[in-house]
Amino acid sequence: MTAWLSIDALSKSFGQSIAVRDVSLEIGRGEFVTFLGPSGSGKSTLLYMIAGLETPSTGDIRLAGDSLLPVAPNLRNIGMVFQRYTLIPHLTVAENIAFPMKMRKWDRQRQKRRLEEMLALVRLEEFADRRPNALSGGQQQRVALARALAYEPEMLLMDEPLAALDQSLKLDLQREIRRIHDSTGATILYVTHDQEEAMRLSDRIAVFHNGTVEQFATPGEIYQKPGSAFVAGFVGHSNLLPAEMFDEAHPAVALAGGDSTGTPGLQPGKGAALFRPEDFTVLRSDTGTAALTAAQTGTITGTITDIVFLGPVVEILVRLASGARILVRQAPDLTADLRPGDQVSLRILRQPWILP
Amino acid sequence: MQTGPDKTRSVQLPGPAPRGWRAALRARLEGATATLAIPALLLVLFFFLLPVALLLARSILEPEAGLGNYAELLQSGAYRTVLLNTFTIASVVTVVTVLIGFPVAWLIAVSNRFWGMALLGLIFISMWTSLLTRSFAWLILLQSNGVINRMLKGLGLISEPLSLVNNMTGVVIGMTYILLPFVIFPLLSTMRAIEPGLLRAAALCGANRWQCFLHVFLPACVPGIAAGALMVFVMSLGYFITPVMLGGSSTMMLAELIVHLVQSLLRWGLGAAAAFILFAITLAAYALQLRLFDPLRSAKGGR
Amino acid sequence: MLLDFRHLGALRWVLVAIGLLVAGFLLLPVVFIVLLSFGSSRWLIFPPPGWTLKWYEAFFADPGWFAALGASLRVGLAAAVIAVVFGLGAALAMSRGRLRGAWWLHMLLLMPMVLPVVVLAVGIYSLALRAGLNDTFIGFVLSHAIVALPFTVIILVNGLNSFDPSLEDAAVLCGASRWRARLHVTFPSIRLSIITAVIFAFLISWDEIVISIFMAGPNLQTLPVKLWTTLRQDLTPVIAVASTMVLAFSLILLLIAAILTRRGR
Ligand SMILES: Nc1ncnc2c1ncn2[C@@H]1O[C@H](COP(=O)(O)OP(=O)(O)O)[C@@H](O)[C@H]1O
Ligand SMILES: [Mg+2]
């Protein structure tokens, strides 16, 4: 994908504190990109700079080659949905959606046509004459979405638009946003601190940490091949074990407990091996451990310290001999006979990812 | 969505720098929200800071340079009496307003919505209606043959009319009446902020009603009492209309002295010095209050 | 316990009694002055021997009183407009602009409220004598505006702070310029605060007396000044009429403010 929106060494400081430091991103046209990170990591600030509501301290933002910085926010042709409900309270739903068209002095016919399209797009036709305060939070955000899309902006920015909604409504609207993205082809920059939401929606995810982008990649890569310990920990649960590679001839990772596991295609050196909770099968040590051939994929032994039933999965906390703790997720029927205190072997199902 | 993107772009994005004086002016106005404070600042500069500075200058320059005016004010018996009057009256008014205001605020805090709002509305109205006309009403009411005296006589409580006006009694009644709201409002907001559970917990610990009042309720109200008392005290120090109208020649207060010196005697230096003493006392009191409560900082939160 | 009316025991009747007395104490002078203005006694005897409207006729027949009423209205309106427009600018700057000294600016703008008005009056008088502002419309208006400014600033800053700035930003991204966004979104949203600020600014000017005493001259005197000077010469029932007018006007405006606030909820 060729770069359409280029963010080039962008930084923003507020007095002493640096909110965004030296961020560079290349985003393709029509992409759905999510900025994911803990709160305070600079996601909104970056989004606001793209919108023109904040001025960068240094760096540049270019759209199709031209700098956006000299362009006033109202002329940038960008749509934005905020976390808080930002519908104009004294206007009806229809008037809110028509507001940007009015500001652009579209002719009446065009406004009317587009308004109907938009109401249909967000499925709020029968609410056209309501005031915002007569709508639920989810409906208000849908109107905000329609308003942001009404004038066919080149880019849609969303700053945690679903953060204030409850879980089931969130899922509905996520599906709707995805559908709108697919049907309009709009470029969407989406901010969230919810990793599941980011996974569900995005083509690519930029993971933010302390004002910098730690990794910018597809959801699959972010999860399976995180670029740093922070990304590994922020997206999904990570079990990190110190690892050492012997050499290329014997591609294997030595784990703290003394077990080793073969890992082809890795460079020699020290690192940390990442295991996801679903990367193991738990076996009672007294049942058929002998059958396992440790040489192939490896096993780790430890003691169960806690078992939590979560419905679809059971979470098992295992303490290794080295003192490290490992969280394992299993289907409930596989764990029926396990109790805290049991000695278990963890059979490793996948090669671990070695963090750089 | 991206129909004819290049067309819209060329329409939507003007050149890098807005050109022409109109565009430049618009950019200026857009960016400079902070400059919107300038008119208000100028007004404060010319009609507040400058007059105060002028007064300070005159107080130390007229009739001759030095602190002579301040020395005269603090040494002359007549002026010291005025200062003493001012502090005495302000203190008495403060005590009386707190004593009356406390039960009223308490009543509003415990009464139902309707009665609470009614009483509060009444207090609010008296805060925002003419002080002059209401002081005038008291002048008529308190006269020796006024309604109050005749009522008391009619009830057989007195045989001779009490002298209720043109003396300190009149001033205290009038100023209590005017300043009562200023102690009720802070008290009420303090009382409303008290956690009811606090009192319930005290009761469960075995405290009777009186102990509860003395050891829990009253201490919790202290910030409100302090804020209200300070407010009333400071406001009374500088009162002009009510004391002039309801007081007599022996109850002259600082504000009246200032006006008298400036307007009748044309002794600007001395009047300015007196004004400045009043200003300094007021400022000190508010600084103290700000130290203790700082309403602005807490109200603005993290902004 | 102590904050629950039903659990106060006998104490509640003590509180109610004090409340009634204080309510009477607050109402008495206002009711009294209104009744007095209709009384027929030249010497302000109460209760009056009869009821009459002749003092009202005298009030409106006297060009002096009528001129003072007009002056009060004009000065009040102009002072209110200035205090609100300037106050709105300052409030926008403090709550929206990136102002480093916002806290100090806020304090400075509130200062005229805490300064004893008599000090301000003497200071402004001293300045006005030099600048030739005494006895002029503009002198009255600006000196009243400075007293009203702190109140308008408080009301408008509150209004702006309870209004989410993202709404204005959203409108800007919809294509409105900053000022259009304010005009279409911000100002309509805080219109209640703006109207309230106008009303209270007017009321402050309407009741202002101490500065006005110094500002007034043969050309221009407001109603309170005329009341004050008349009062010191002669206690006539016309004063009660003028007082009633002053009170009635204030009450009407307060009522409007109350209704607006209630509707805004
Ligand atoms: N207007 C501002 N003034 C000062 N600091 C700010 C401002 N906006 C954001 N910050 C700071 O910048 C950092 C990043 O904030 P933000 O971009 O809002 O984070 P996120 O959206 O990832 O939660 C935070 O530490 C925040 O306190
Ligand atoms: Mg944010």
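Every number in this text was worked out from the coordinates using simple rules, so none of it is lab data. Given the structure is predicted, the values throughout are model-derived calculations rather than measurements. FYI the Cβ positions are ideal-geometry reconstructions off the backbone, even for glycines, and counts take in every protein chain you see.
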- prompt: Quick one: Cα centre-to-centre distance for region B:155-202 and region A:84-147, in angstrom?
  reply: 55
- prompt: Contour minus end-to-end for A:Asp60 and A:His237, with contour as 0.36 nm per residue of separation and end-to-end as the Cα-Cα distance?
  reply: 60.2 nm
task: Can you run the Rg to Rh ratio on chain A? Use alpha carbon positions and the Kirkwood inverse-distance Rh.
output: 1.08
task: Could you pull out every residue, at least 5 positions away or on a different chain, whose amide H is within less than 5 Å of the one on A:Phe280? Hs are placed 1.01 Å off N in the peptide plane, and Pro or chain starts have none.
output: A:Arg329, A:Leu349
- prompt: So what is the orientation-averaged projected area of the protein assembly as shown, using the convex hull of its C-alpha atoms, in nm²?
  reply: 53.6
- request: Rank-order A:330-343, A:193-206, B:123-136 by packing density, defined as the average count of other C-beta atoms within 10 Å over each peptide's residues, highest first.
  value: B:123-136, A:193-206, A:330-343
field: Rh by Kirkwood over Cα pairs, then Stokes-Einstein D for region B:19-158 at 0.890 mPa s and 25 °C, µm²/s
entry: 111
query: Mind checking Rg over Rh on chain B, alpha carbons, Kirkwood formula for Rh?
result: 1.15
task: Post the alpha-carbon centroid distance, region B:213-292 to region A:157-210, in whole angstrom.
output: 61
- request: Compute the long axis of helix C:63-95 from its Cα atoms, compare it with the longest principal axis of the Cα atoms of chain C, and write down the angle in degrees, 0 to 90, nearest 10.
  value: 20
- request: Check cross-link reach from C:Lys54 to the aspartates and glutamates: straight Cα distance under 16 Å, and skip same-chain residues fewer than eight apart.
  value: C:Asp62
- prompt: According to the Cα gyration tensor, what semi-axes, each the square root of 5 times an eigenvalue, does the equivalent ellipsoid of region C:63-264 have, listed from largest to smallest in whole Å?
  reply: 35, 20, 13
- prompt: Which one of A:Ala273, C:Cys174, C:Ala58 is farthest out on the positive end of the charge dipole of the protein assembly as shown, using unit charges on Cβ (Lys, Arg +1; Asp, Glu -1) and the Cα centre as origin?
  reply: C:Ala58
query: Of the cross-linked pairs A:Lys12/A:Lys102; A:Lys12/A:Lys105; A:Lys43/A:Lys105; A:Lys43/A:Lys170; A:Lys12/A:Lys225, which ones have a Cα-Cα span greater than 31 Å in the structure shown?
result: A:Lys12/A:Lys102; A:Lys12/A:Lys105; A:Lys43/A:Lys105
field: For region B:153-264, radius of gyration divided by Kirkwood radius, i.e. Rg to Rh on alpha-carbons
entry: 1.19
query: Counting Lys and Arg as +1 and Asp and Glu as -1, what is the net charge of the other residues whose Cβ lies under 13 Å from the Cβ of C:Leu247?
result: 0
- prompt: If one puts a single equal scatterer on every Cα of region A:101-172 and applies the Debye formula without solvent, what log₁₀ I(q)/I(0) results at q = 0.17, 0.28 Å⁻¹?
  reply: -0.70, -1.38
